[in-house]
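Below is one structure; the comments refer to it alone.
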Amino acid sequence: MSKQSLRQLTENYLEHNYPNFIHKGDLEKKAINEWGYEGDNVARRCRELKNEGIVEKKLDIKGRVWYKYIKNMPPEKNQQR
């Protein structure tokens, strides 16, 4: 069985957790502990997904980064934050 790409694992995880925002650090921990990838790589994949309009990125008041899946979601659901 072939290993799933980090990009696909990240996208699937964010989609499964829609409509919640997921903290970048939680994604990094999951990449390291469960998926067998480097934490820095998941941040790069998230930036790529954001640039492609698949996920939304937000910064909280403390400057922490959060991601949420938005691809193929109805516009009214994308507006609920």
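The values are calculated or read from the model by the stated rules, or taken from the named source; none is laboratory data. Keep in mind the model is a prediction, meaning the values are calculated, not measured. Here the Cβ positions follow ideal geometry from the backbone for every residue, glycine too, while neighbour counts run over all protein chains shown.
I want to confirm something. Restricting to region 1-20 and keeping residues that are in contact with a helix residue (DSSP H, G or I) (Cβ under 9 Å, 6 or more places away or on another chain) and of a type in the set (A, V, I, L, M, F, W, C), which single residue is nearest to Tyr67 (Cα to Cα)?
Leu14
Considering only region 33-72, state which residues are more than 15 Å from Arg7 (Cβ to Cβ) and acidic (Asp, Glu).
Listed by number, the residues that qualify are Glu34, Glu56, Asp60.
Residues of region 54-66 being under 13 Å from the mean Cα position of the chain (by Cα) and either exposed (fewer than 15 other Cβ atoms within 10 Å of the Cβ) or in contact (Cβ under 8 Å) with a residue 40 or more places away in the chain (or both), which ones?
Passing the criteria: Ile54, Val55, Lys58, Val65, Trp66.
State the number of residues belonging to region 51-81 that are under 14 Å from Glu15 (Cβ atoms) and at pLDDT 80 or above.
So the answer is 10.
If Glu28 satisfies every condition in (1) under 15 Å from Lys71 (Cβ atoms); (2) among the acidic types (Asp, Glu); (3) surrounded by 18 or more Cβ atoms within 10 Å (Cβ to Cβ) but one, which is the exception?
(1)
Restricting to region 36-51, what's the tally of residues that are more than 15 Å from Trp66 (Cα to Cα) and surrounded by 18 or more Cβ atoms within 10 Å (Cβ to Cβ)?
Total meeting the criteria: 1.
For His23, only one of the following conditions fails: (1) of a type outside the set (Asp, Glu); (2) modelled with pLDDT under 95; (3) under 18 Å from Lys68 (Cβ atoms). What is its number?
His23 satisfies all of (1) of a type outside the set (Asp, Glu); (2) modelled with pLDDT under 95; (3) under 18 Å from Lys68 (Cβ atoms) except (2).
Restricting region 28-53 to residues that are touching a residue at least 24 places away in the same chain (Cβ under 8 Å) and touching a strand residue (DSSP E or B) at 6+ places or on another chain (Cβ under 7 Å), which is nearest to Asn72 (Cα to Cα)?
The residue in question is Leu49.
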